[in-house]
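Only one structure is covered here, and it is reproduced in the block below.
Read-outs: derived from the displayed coordinates by stated rules, not from any lab. Because the structure is a prediction, the values reported are computed rather than measured. With ideal geometry, Cβ positions are generated from the backbone for all residues, glycine too; neighbour counts draw on all protein chains shown.
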Protein chains: 2
Amino acid sequence: MDVRNAASSPTRRASPDYFTGTVFQDVINEAPAPARVRALRVSFEPGARTNWHTHPLGQTLHVLSGVGRVQAEGGPLREILPGDTVWISPGEKHWHGAAPGHAMVHLAIQESLDGEQAVWLERVTDDVYNAAPAA
Amino acid sequence: MDVRNAASSPTRRASPDYFTGTVFQDVINEAPAPARVRALRVSFEPGARTNWHTHPLGQTLHVLSGVGRVQAEGGPLREILPGDTVWISPGEKHWHGAAPGHAMVHLAIQESLDGEQAVWLERVTDDVYNAAPAA
């Protein structure tokens with residue numbers, strides 16, 4: 001058994017190669033094999049979002065605070081609020097982030113496959129990001 | 001992609017077969033195969049705790065509020081506080097719950113193996129539960 005407090009691991013800034021805007025990540029745990037789950041808390045400034053990307057074994061998002069946006073390729077732009085859970089299927093191309101004018105913090109839980117948690121793709125353009133969310 | 005709000009799934013009371021005291025569980029997600037992660041929020045009243053148990057692929061706990069206790073078999077009783085993360089190894093016999101006189105809420109993240117998330121064992125006696133935590 002391993003017990004770690006919140007001060008034991010520094011907050012890291014998410015790579016500008018994979019995110020637009022300022023995004024901070026706090027790792028909750030990276031379970032060693034044979035487990036494969038990774039859990040982190042991700043804090044997006046207003047306007048910040050991931051690039052388009054996929055996860056080999058899917059991803060669970062759970063909004064803790066603020067107002068966010070999420071979209072699967074070919075699907076509607078969805079507004080997400082605290083308490084909302086998003087399940088993204090394995091290989092489903094998507095993006096997520098804060099809403100314009102709102103910060104957002106979510107948990108992100110995914111499983112690595114052969115050491116890979118995500119496949120990063122192109123940036124989310126301002127036109128895509130600023131579209132009106134579905135009702 | 002599936003988006004669910006917090007009202008879509010009712011809070012359930014944890015089984016008295018596996019828990020002492022009043023414990024509520026809110027499922028965050030149960031990812032479908034080939035994914036295997038299950039995430040939930042667990043709320044313990046003061047004095048409430050799990051039975052001794054194990055997880056086939058380990059478990060990550062992350063304390064959200066209150067004061068709690070966790071112990072692996074043969075190890076010290078540990079006090080846990082908000083922001084603390086506990087990693088329990090696959091097959092490691094342990095228990096967790098609120099501290100005496102304090103409520104506690106934690107995230108629980110584990111992976112199922114052949115449909116099994118946990119193996120439930122005997123109750124945590126009052127003597128074990130009320131021991132002084134390690135410094």
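Here are the numbers for this structure:
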{"read-out": "Counted charge near A:Arg13, where neighbours are those whose Cβ lies closer than 13 Å (Asp, Glu -1; Lys, Arg +1)", "value": "-2"}
{"read-out": "P(r) histogram, all alpha-carbon pairs of segment B:11-116 included - 5 Å bins from 0, percent", "value": "3, 13, 23, 27, 21, 9, 3, 1, 0"}
{"read-out": "Additional length obtainable on full extension of the chain from B:Arg13 to B:Asp114, 0.36 nm per residue less Cα span", "value": "33.9 nm"}
{"read-out": "Under the Debye formula (equal points on every Cα, no solvent term), log10 I(q)/I(0) of the protein assembly as shown at q = 0.07, 0.11 Å⁻¹", "value": "-0.25, -0.61"}
{"read-out": "Charge context of B:Pro34, other residues only, Cβ under 15 angstrom, K/R +1, D/E -1", "value": "-4"}
{"read-out": "Charge dipole of the protein assembly as shown about the Cα centre (unit charges at C-beta), most positive-ward option of A:Gly115, A:Leu81, A:Gly91", "value": "A:Leu81"}
{"read-out": "Those GluC sites (Glu not before Pro) in segment A:1-86 that DSSP places in a loop and that have at most 14 other beta carbons within 10 Å", "value": "A:Glu73"}
{"read-out": "Total charge dipole magnitude, the protein assembly as shown, about the Cα centre, Cβ charges on Lys, Arg, Asp, Glu only, Debye to nearest 20", "value": "380 debye"}
{"read-out": "Nearest beta-carbon to the A/B symmetry axis - residue in chain A, distance in Å", "value": "A:Val37, 3"}
{"read-out": "Two-site label geometry, B:Leu121 and B:Ala6: point separation in nm, points 7 Å out along Cα→Cβ", "value": "3.5 nm"}
{"read-out": "Charge tally in the Cβ shell below 14 Å around B:Ala131, where Lys, Arg are +1 and Asp, Glu are -1, B:Ala131 excluded", "value": "-1"}
{"read-out": "Efficiency of FRET between A:Ala134 and A:Ser65 - r from beta-carbon atoms, R0 25 angstrom, step 0.05", "value": "0.70"}
{"read-out": "Chain B, relative contact order in percent, only Cα pairs under 8 angstrom and at least six apart counted", "value": "29 percent"}
{"read-out": "Expected 222 nm ellipticity per residue - DSSP helices of 4 or more, -39500 (n - 2.57), all of chain B, to 500", "value": "-500 deg cm²/dmol"}
{"read-out": "Those trypsin sites (Lys or Arg not before Pro) in segment B:1-82 that DSSP places in a loop and that have at most 11 other beta carbons within 10 Å", "value": "none"}
{"read-out": "Teacher prompt: A:Leu121 distances to equivalent labels in other copies, 7 Å Cα→Cβ, nm", "value": "4.6"}
